[in-house]
Structure formats: C-alpha cells, structure tokens
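The values are calculated or read from the model by the stated rules, or taken from the named source; none is laboratory data. All values derive from a computational prediction rather than experimental measurement. Virtual Cβ from ideal backbone geometry, glycine too; neighbours counted across all protein chains shown.
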Amino acid sequence: MNSVSLVGRLTKDPELRFTATGKAVATFSLAVNRTFSKSDEADFFNIVTWQKTAENCANYLAKGQQVAVLGRLQSRSYENKEGRRVFIVEVVANEVEFLERREKSGGSSNSQSYQKQEKQNNHSSDIDTSDVDLDEFQAIDDDEDIPF
C-alpha cells in the first residue's frame, strides 16, 4: 500500500508548468510540523499535482497557507550537471484540500476593501456598514460552543 496524508503549510507559492502534451503540473513544498517533538521541528515534502488540481493549486494557494494533501509517494532519479545520479522522493497528490482562505495581495488587513466590496455587491441594502470595524471581531478557534 502506498498512501500518504499530510497537513502542513506551503513554503513557497505553487509553480505551474505544462507538459509537451499540454497537461498542467504544479509543484510546491509543504512544511509539516512534528507533533511529537518538544521543539519546533518540521519535515519538508515536495508535492506534485496534475491537471485541474494543479491549476486550482496555482490559482488559489500561496506561501504560508495550510493545506491537507492526500496522495502517494513516488521516487525517481536523474543525472545532474556534474554527472551524478540524483534520487528524489516526492508526494504525488490526488487531493489537495484548502484549509485556509488566500490572503489578498497588498499586505495588511483587508477589512476596508471587504467593506467597499460588500457595499458594491449590495447596492440596494438598507444597512450601512461603513462605520463597522471588522478588526474588532475575533476569530473563534474553538468550535465547542458551536451548537451543531
């Protein structure tokens, strides 16, 4: 049986390429924390995705985002420029689940742009949210209080 499941964070933005036959392939590296370690140690895995999954990863994932990857291990080798044989083990992902939303480019909090976008989307709305500061709301990390 050859099955891998990982949850970690991207160490760089996915890189999208196309084969000679036009198939999309995306690669990225995933940092996975060692939960049994007393210090902050991580393992790094090279991930390869194909076709629609590759396109989705390239379009919607960015460095630092948390994802779950289901796939299989694959080993391959090639000869480098010095003539040495290099062996690589990578994870070929069958499924990639996005566990976080992608942050909009532009740096800091997007509450202002979110409010403007909401106003544009709700032209006929009677509710004025211009004086609402979304930064005052706190995210709930613990779902024990959720009634469902």
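So here's what we get for this one:
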{"item": "Condition broken by R76, with the remaining ones in (1) in contact with a Phe, Trp or Tyr (Cβ under 8 Å, 6 or more places away or on another chain); (2) exposed (fewer than 10 other Cβ atoms within 10 Å of the Cβ); (3) modelled with pLDDT of 95 or more satisfied", "result": "(3)"}
{"item": "Test set (1) exposed (fewer than 15 other Cβ atoms within 10 Å of the Cβ); (2) touching a Phe, Trp or Tyr at 6+ places or on another chain (Cβ under 7 Å); (3) hydrophobic (A, V, I, L, M, F, W, C) - V25 fails condition number", "result": "(1)"}
